[in-house]
Amino acid sequence: MPRTPQPRSDVARLRSLEPGDAIALVSPASWSDDSWLTESIATVESWGFKARVGHHATDRLGYMAGGDRERTADLNAAIRDPEVRAILCLRGGCGSLRLLADVDTDALRADPKPIIGFSDITALHQVWHQAGVPSIHGAVAGTRASTVRQLLVGERGEPVRSDRARFGADLTTTGTASGPLFGGNIEMLARSVGVVDNDLEGHVLLLETHREVGLGMVDRALTQLLLSGALAGVPGIALGALEGFEDYQDREWTVLDVLHDRLDSLGVPILAGLPLGHLENPVSVPLGVECVLDADAGTLTVDPLTA
């Protein structure tokens, strides 16, 4: 049986990165091409940080970036290296869930540092969350890549604003909610039920998804989260991208019908249309820190990542 990370007690206080600090570039899920690795290194170094590429970051095994042992070794090496102050996942895809039992959470608690990624990396965000270490939902990609740098150096970013023209924004309701922000990819949250503690009571829930299969995937994932009790006590929902579902219907239903059907029962404020998740230019936000969701104003305001 997987070794479940112990529930967190206090949230770690991260220090802001300084010029010359190292950021580890690892591939815990699927592999990325060489051009993306080169671009990622250039971006990190342009910010004044050192890019430390994992030994197995360019490995390939089917759809994954090498074997489980090698991907875990790179991740744990980054956690244990005192010079590494943040860990950047080169891409999502598939494979993160395989690593959860072997992440060195003791070392992570002893020397807390954020992990950066989204989609399949949601599985690892849950390990960080249970260890009490904040992380970053997002990517060093697109025109908003600098939001990652801002978070790492301790800047308070602008509130994330809902785009009323974005598909799904009509799901926005009214009201406000506050609490630590946590969540990520809908399916990865559901797949982790029974593997990590998905108790999100008091947490503003971030959700995003993209269409790889039909509406049934979204329905099953949300139903599993609801029936498991993982969403009990969630005070609000921040809904990001619904990529690929814009023109998709199944027997007269859209993904918006599924989300209404599953989420309305929670009776909490929903702020949709947020530029988070599977987008060309995503905004990055901290996870595990306090936020205020204001559905009336259309804003999600998140506290700084670092002390």
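If you go through the range 114-165 and pick out every residue that is closer than 20 Å to Ser40 by Cβ, more than 15 Å from the chain's Cα centre (by Cα), not in a helix (DSSP H, G or I) and not aliphatic (A, V, I, L, M), you end up with 3.
Okay, residues lined up against (1) on the phi > 0 side of the Ramachandran plot; (2) of a type outside the set (S, T, N, Q); (3) not assigned by TED's automatic domain parsing to the domain that holds Asp74:
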{"position": "Ala110", "(1), (2), (3)": "no, yes, no"}
{"position": "Ile115", "(1), (2), (3)": "no, yes, no"}
{"position": "His129", "(1), (2), (3)": "no, yes, no"}
{"position": "Val140", "(1), (2), (3)": "no, yes, no"}
{"position": "Thr143", "(1), (2), (3)": "no, no, no"}
{"position": "Asp170", "(1), (2), (3)": "no, yes, yes"}
{"position": "Ser178", "(1), (2), (3)": "no, no, yes"}
{"position": "Met188", "(1), (2), (3)": "no, yes, yes"}
{"position": "Thr209", "(1), (2), (3)": "no, no, yes"}
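The set of residues in the range 88-113 being charged (D, E, K, R), out of contact with any Lys or Arg (no Cβ under 8 Å at 6 or more places or on another chain) and either closer than 26 Å to Gly142 by Cα or modelled with pLDDT under 95 (or both) consists of Arg91 alone. Taken over the range 283-300, the residue count meeting the criterion of being among the β-branched types (Val, Ile, Thr) and in contact with a Lys or Arg (Cβ under 9 Å, 6 or more places away or on another chain) is 2.
I'd like to know if the range 60-78 contains one or more residues that are acidic (Asp, Glu), assigned to a loop (DSSP other than H, G, I, E, B) and assigned by TED's automatic domain parsing to the domain that holds Leu108. No, there is no match, as no residue in the range 60-78 is acidic (Asp, Glu), assigned to a loop (DSSP other than H, G, I, E, B) and assigned by TED's automatic domain parsing to the domain that holds Leu108. Filter the range 183-241 for residues that are touching a Gly at 6+ places or on another chain (Cβ under 9 Å) and among the polar types (S, T, N, Q); which is surrounded by the fewest Cβ atoms within 10 Å (Cβ to Cβ)? Applying the filter and picking the extreme gives Ser228. Residues of the range 238-252 that are within 10 Å of Leu215 (Cα to Cα) and not in a loop (DSSP other than H, G, I, E, B): Asp250 alone.
Is it fair to say Val283 is assigned to a loop (DSSP other than H, G, I, E, B) and at pLDDT below 95? It is true that Val283 is assigned to a loop (DSSP other than H, G, I, E, B) and at pLDDT below 95.
Just name the residue that is farthest from Ala78 (Cα to Cα) out of those in the range 93-106 that are among the small types (Gly, Ala, Ser) and buried (at least 17 other Cβ atoms within 10 Å of the Cβ).
Here the residue is Gly93.
Residue pairs whose Cβ atoms lie under 7 Å apart, separated by 6 or more positions or on different chains, with the first residue in the range 63-90 and on the phi > 0 side of the Ramachandran plot and the second assigned to a loop (DSSP other than H, G, I, E, B), are Gly66/His56; Gly66/Asp59; Gly66/Arg60. Residue selection: Ser32 satisfies the criterion of being part of a loop (DSSP other than H, G, I, E, B), at pLDDT below 95, within 23 Å of Pro282 (Cα to Cα) and of a type in the set (Gly, Ala, Ser). Can you work out which of the residues in the range 263-280 that are among the aliphatic types (A, V, I, L, M) and assigned to a helix (DSSP H, G or I) is farthest from Leu239 (Cα to Cα)? So the residue we want is Leu266. Among the residues of the range 166-210, those identified as modelled with pLDDT of 95 or more, over 15 Å from the mean Cα position of the chain (by Cα) and part of a loop (DSSP other than H, G, I, E, B) are Thr172, Thr173, Thr174, Gly175, Gly202.
When His137 is tested against (1) surrounded by fewer than 24 Cβ atoms within 10 Å (Cβ to Cβ); (2) out of contact with any helix residue (DSSP H, G or I) (no Cβ under 6 Å at 6 or more places or on another chain), exactly one condition is not met: (1).
The values are calculated or read from the model by the stated rules, or taken from the named source; none is laboratory data. All figures in this text were calculated on a predicted structure; none of them were measured in a lab. Here the Cβ is made from the backbone with ideal geometry for all residues, glycine too, and neighbour counts use every protein chain on show.
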